[in-house]
Amino acid sequence: MPNALERKYPNAGKEWAWQWIFPATSHYTDRITGEKRRHHLHESVLQRAFKEARLKAGIAKPASCHTFRHSFTTHLLEDGYDIWTVQELLGHRDVSAAMIYTHVLNRGGQGVHSPADRLGFGLERGAGTAE
């Protein structure tokens, strides 16, 4: 952890939020403490691995790790999450940045569902009739 943060929060380095999800393969020795440490994996390593996997899978369409961000956002909106939740998850300061994804919602009348459809009264065709 950075020196000032380590002094202020001595146990923070053991918390999950401060752990690397993709640690680098090489280690280094901290000049001040002499401790053996390692940084996170450089983003170019992940990008290269993604590209190789995409090509190996025979996917010719251009895609990158950032494509997952767009896909994630699109699925959130299609699943009905509000734009402000999406804005917060993406880390956008302004909702207008998240609004660019709303084009995926242009479904016309088929995109509109009655709230009564979610109530589960079993009003499907033939349901509720006396037998």
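The values are calculated or read from the model by the stated rules, or taken from the named source; none is laboratory data. The structure displayed is predicted, hence computed values, not measured ones. With ideal geometry, Cβ positions are generated from the backbone for all residues, glycine too; neighbour counts draw on all protein chains shown.
Looking at A17, A4, A49 in this structure, which one is surrounded by 10 or more Cβ atoms within 10 Å (Cβ to Cβ), of a type in the set (A, V, I, L, M) and not in a loop (DSSP other than H, G, I, E, B)?
A49
Within the stretch 52-74, can you find the residues that are of a type outside the set (V, I, T) and either part of a loop (DSSP other than H, G, I, E, B) or loosely packed, with under 10 Cβ neighbours inside 10 Å (or both)?
Quick first cut of the stretch 52-74, residues of a type outside the set (V, I, T) only: 52-58, 60-66, 68-72.
Correct list: K56, A57, G58, A60, K61, P62, A63, S64.
So, Y28, is that one modelled with pLDDT of 85 or more, surrounded by 12 or more Cβ atoms within 10 Å (Cβ to Cβ) and hydroxyl-bearing (S, T, Y) or not? Give the derivation first.
Numbers: modelled with pLDDT of 85 or more: yes; surrounded by 12 or more Cβ atoms within 10 Å (Cβ to Cβ): no; hydroxyl-bearing (S, T, Y): yes.
Answer is no for this residue.
Read through the list (1) under 30 Å from R118 (Cβ atoms); (2) in a loop (DSSP other than H, G, I, E, B); (3) of a type outside the set (F, W, Y), then give the number of the only condition that E88 fails.
The single condition E88 does not satisfy is (2).
Which residue out of G128, G111, G58 is at positive phi and at pLDDT below 90?
Values: G111 fails: at positive phi; G58 fails: at pLDDT below 90.
When all the criteria are applied, what remains is G128.
When the stretch 51-87 is examined, which residues are found to be closer than 15 Å to H103 by Cα and either charged (D, E, K, R) or in contact with a His (Cβ under 8 Å, 6 or more places away or on another chain) (or both)?
E78, D79, D82
Pick from the stretch 90-107 the residues that are of a type in the set (A, V, I, L, M) and either at positive phi or surrounded by 14 or more Cβ atoms within 10 Å (Cβ to Cβ) (or both): which of them is modelled with the lowest pLDDT?
Going through the stretch 90-107, the residues of a type in the set (A, V, I, L, M) turn out to be 90, 95, 97-100, 104-105.
Within this subset, residues satisfying the condition of being either at positive phi or surrounded by 14 or more Cβ atoms within 10 Å (Cβ to Cβ) (or both) are 90, 98.
Numbers: L90: 87, A98: 79.
The selected residue is A98.
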